[in-house]
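The structure under discussion appears below in the form of structure tokens.
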Amino acid sequence: MKNREILFYSALTVTIWLIFTILTAMTHPNLSFFESLLAGRSVSHAVSRLLLTAVLLGLTAAITRAISKRHLEDYEKLKKAVDTSGEIIFITDREGIFTYVNPEFTRVYGFQPQHILGKQTPRILKSGVMEEENYHKFWEHILQKNVVEGEIVNQTKSGRLIDVQSSANPILNGKGDITGFLCIQRDITERKTRERELIASEKTARAMLNASEDPVYLIDAKGALLSLNEAAVHALGDSLDALTHKSIYDFEFFRLTDQYQKIKTAIQEKRKIRYQEKSGDTFYDITIYPIFDLKGGVSRLAIFNADISSQKAAEETIREQNRFLQSVIEALDHPFFVIDVHDYTVKLANSAARGIREMGRIPCYALTHNLSEPCKSETHVCPLNTMLKTHEPMITEHIHYDKEGRKREVEVHAYPIFDKDGKLIQMIEYTLDITDRKQAFQEIENLHEQLNRHNRD
């Protein structure tokens, strides 16, 4: 039994005995104080008082033990909750000396309780990266019996810097005086790291978006503007602050380009929508990207409006040039081809060439010679094979076949086409039907031969 308990039960025994003495003196006024103190003249009366005193002491002890056990159980529960809370918890006295640290404190900071309790103050956690003014304000507020909360940077035993969310509370006694301090902290280093990375990522993303000359809009599912790049701000003709949280449907451009229906489709079908639209004299290539929340729903959308007017103008110029070129080659009444040098296929042909036979992905040797491979005869030199070696224009004579399969003698003219790097990629070929001319020459030669024989005879 502890000394405190011995004193308590001794005092309680004396108190009970004095109470019995007073009661005896009151009920037996003829007894002296000493006789009342000894429980009267009867031995049985004294024994009864002793037994009753013992019973009262026993009951008091039982009740005290029960209360102590309950308090101990409550304390154990509280200690277990503190030790397993996952929060960093420590207590100091009024001078700031550690009087208690929980296991999470040791796990995060690396200090064992026996090395710091009664010896160190929370100054050992100072990181050195925070202004001294912050610490002065902390002590000023907590000594005024205020709870002090905030985010701070501390240092572990190994020297690693960590971010913590801290709440410091003054501990007051019954008189309202400060007897110590309770501090509850949470390691938020990972969260702060993610926040810093997110901020850096957002800055990078915004810089990239601002580098784009095309407007980019970030909206919620109802069409409210959440963010814009500089090109978008310029396109809508207002400041970023004034535009943020406005609805895109307040602007004529979005109504004219039918974006409401397209956004609705992107949300319902959860897919990217891309289309081209003309507004005034400007052509736009519009892409709407759905951005999903953690539950898989579309919470935001990114809209990219690319001005493709110059591209459209270039495409129209190319189409005009192609139409002009097609008109020119269609004006030719003899076959005209453009042939790919890699696989011998005909890429472009006029009507005179298409009249030879059905087109499609067909090589030139099949189209004009009814062959299954390029010409290899010494009398029918393949212009393409020759050009691959010389890169020079050439003229040669061939036997071709028309749509009915009739043999025709032709004069083949071939010209190379190079890309910007000087690489041969295609060959122009047009043919002149010289069958009739050759026959006429043959008839003239035959006539000359007959005249010569006649003259010799």
Output yes when any residue across region 207-228 is in a helix (DSSP H, G or I) and touching a helix residue (DSSP H, G or I) at 6+ places or on another chain (Cβ under 6 Å), and no when none is.
-> yes
Qualifying residues in region 384-441 (those that are of a type in the set (Lys, Arg) and either in contact with a His (Cβ under 8 Å, 6 or more places away or on another chain) or open to solvent by 80 Å² or more (accessible area, probe 1.4 Å) (or both)) - the one farthest from Thr345 (Cα to Cα) | Arg437
Hey, which of the strands (runs of 3 or more DSSP E) in region 233-351, taking only ones fully inside, have at least 3 residues that are in contact (Cβ under 8 Å) with a residue 60 or more places away in the chain and open to solvent by 50 Å² or more (accessible area, probe 1.4 Å)?
-> 298-307
In region 251-269, how many are among the acidic types (Asp, Glu) and modelled with pLDDT of 85 or more?
-> 1
Can you tell me which residue within region 405-457, out of those that are at pLDDT below 85 and among the β-branched types (Val, Ile, Thr), is nearest to Asp343 (Cα to Cα)?
-> Thr431
Taking region 174-189 and keeping only residues that are open to solvent by 60 Å² or more (accessible area, probe 1.4 Å) and outside any strand (DSSP E or B), one is left with Gly174, Lys175, Asp177
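If I filter region 220-231 down to residues being over 17 Å from Lys203 (Cα atoms) and not charged (D, E, K, R), which single residue comes out as most open to solvent (accessible area, probe 1.4 Å)? Show your work before the answer.
Filtering region 220-231 for residues over 17 Å from Lys203 (Cα atoms) gives 220-225.
From what is left, the residues that are not charged (D, E, K, R) are 221, 223-225.
Values: Ala221: 44, Gly223: 1, Ala224: 23, Leu225: 0 Å².
Step by step, filter region 220-231, then rank; the result is Ala221.
The values are calculated or read from the model by the stated rules, or taken from the named source; none is laboratory data. The model shown is predicted, which means the values in this text are computed figures rather than measured ones. All Cβ positions, even for glycine, are placed from backbone atoms using ideal geometry, and neighbour counts span all protein chains on display. Areas reflect the complete protein model, heavy atoms only, side chains present, ligands, DNA and RNA absent. Shrake-Rupley method; radii C 1.70, N 1.55, O 1.52, S 1.80 Å.
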